[in-house]
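Engineer: Before anything else, here's the structure in question.
The values are calculated or read from the model by the stated rules, or taken from the named source; none is laboratory data. Everything quoted here is computed from the prediction, not taken from an experiment. Backbone-built Cβ (ideal geometry, glycine too); neighbour counts: all protein chains shown. When the accessible area is computed, the model is the full protein with side chains, heavy atoms only, and any ligands, DNA or RNA have been set aside. Shrake-Rupley method; radii C 1.70, N 1.55, O 1.52, S 1.80 Å.
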Amino acid sequence: MNRIINIGYGNVINIDKVVAVIKPEAAPIKRLIQSAKDEGTALDATCGRKTKSVIIVENGTIILSALLPETIASRINSDTIRSDINE
C-alpha cells in the first residue's frame, strides 16, 4: 500500500521508500546534494525556497524540501500511527 505525505507546497512522497530525513548543513551532505544534482538524481521540491531537509529514498535519489526534518518526521510518524489504527 502506498502511503504518501506532503513534503511542502503540494509535493508528496511515498513514505515506504524513505531511508532518511536529514538536515543539509553539514559539509558531507552539501557534497551529496551537489553530486546528486550533477548526476541528475536530485529532485528539488523547495519551490525556490531555502532547502531545510534532504530526504534520501531507497533507489539513492535525494529529494530537497523546504520543510524542517522534524516536521517531515512527525508527519511520517503520525501517518504510520493512523495507518496502524486503520488496519
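Engineer: Using Cα pairs closer than 8 Å and at least 6 residues apart in sequence, work out the relative contact order for the chain, in percent. Don't skip to the end; give the middle numbers.
Structural biologist: Numbers: 128 pairs, mean separation 25.9, N = 87.
The normalised contact order for the chain reaches 30 percent.
Engineer: Still on this structure, please answer the following. Can you give the longest run of the chain that contains no trypsin sites (Lys or Arg not before Pro) sitting in a DSSP loop with at most 16 other Cβ atoms inside 10 Å? The partial results should precede the final answer.
Structural biologist: On the way: sites that count: ARG3, ARG49, LYS50.
Within the chain, the longest run free of exposed trypsin sites (Lys or Arg not before Pro) spans 4-48.
Engineer: Provide the per residue accessible area, probe 1.4 Å, for the chain, rounded to a whole number of square angstrom. Could the numbers behind the result be given before it?
Structural biologist: Details: 5410 Å² over 87 residues.
Solvent-accessible surface per residue comes out at 62 Å².
Engineer: Provide the net charge surrounding ALA66, with neighbours chosen by a C-beta distance below 12 Å and charges set as Lys +1, Arg +1, Asp -1, Glu -1. Walk me through the numbers before you get to the answer.
Structural biologist: Numbers: positive: ARG49, LYS50, LYS52; negative: ASP44.
Once positives and negatives cancel, what remains is +2.
Engineer: OK, next. List nothing, just return the count: lysine pairs in the chain, 8 or more apart or interchain, with Cα separation under 15 Å. It would help to have the intermediate numbers written out before the result.
Structural biologist: Values: LYS23/LYS50; LYS23/LYS52; LYS30/LYS50; LYS30/LYS52.
Lysine pairs meeting the criterion: 4.
Engineer: Which percent of the accessible heavy-atom area of the chain goes to carbon and sulfur, probe 1.4 angstrom? Could the numbers behind the result be given before it?
Structural biologist: Working: 2840 of 5410 Å².
Carbon and sulfur: 53 percent of the exposed surface of the chain.
Engineer: Please report, in debye to the nearest 20, how large the charge dipole of the chain is about its Cα centre when each Lys and Arg carries +1 at its beta carbon and each Asp and Glu carries -1 there. Could the numbers behind the result be given before it?
Structural biologist: Details: 11 positive and 10 negative charges, 74 e Å.
Value, rounded to 20: 360 debye.
Engineer: From the residues VAL21, ALA66, ILE55, which one has its Cα farthest along the dipole of the chain in the positive direction, the dipole being from +1 and -1 charges on Cβ of Lys/Arg and Asp/Glu about the Cα centre?
Structural biologist: Result: ALA66.
Engineer: Starting from the 7 Å offset along Cα-to-Cβ, what nm value, one decimal, do you get for the label separation of ARG31 and ASN77?
Structural biologist: 3.1 nm
Engineer: Let me ask another. How compact and how long is the chain, expressed as Rg and Dmax of its alpha-carbon atoms in Å?
Structural biologist: According to the Cα coordinates of the chain, Rg and Dmax are 13.1, 42 Å.
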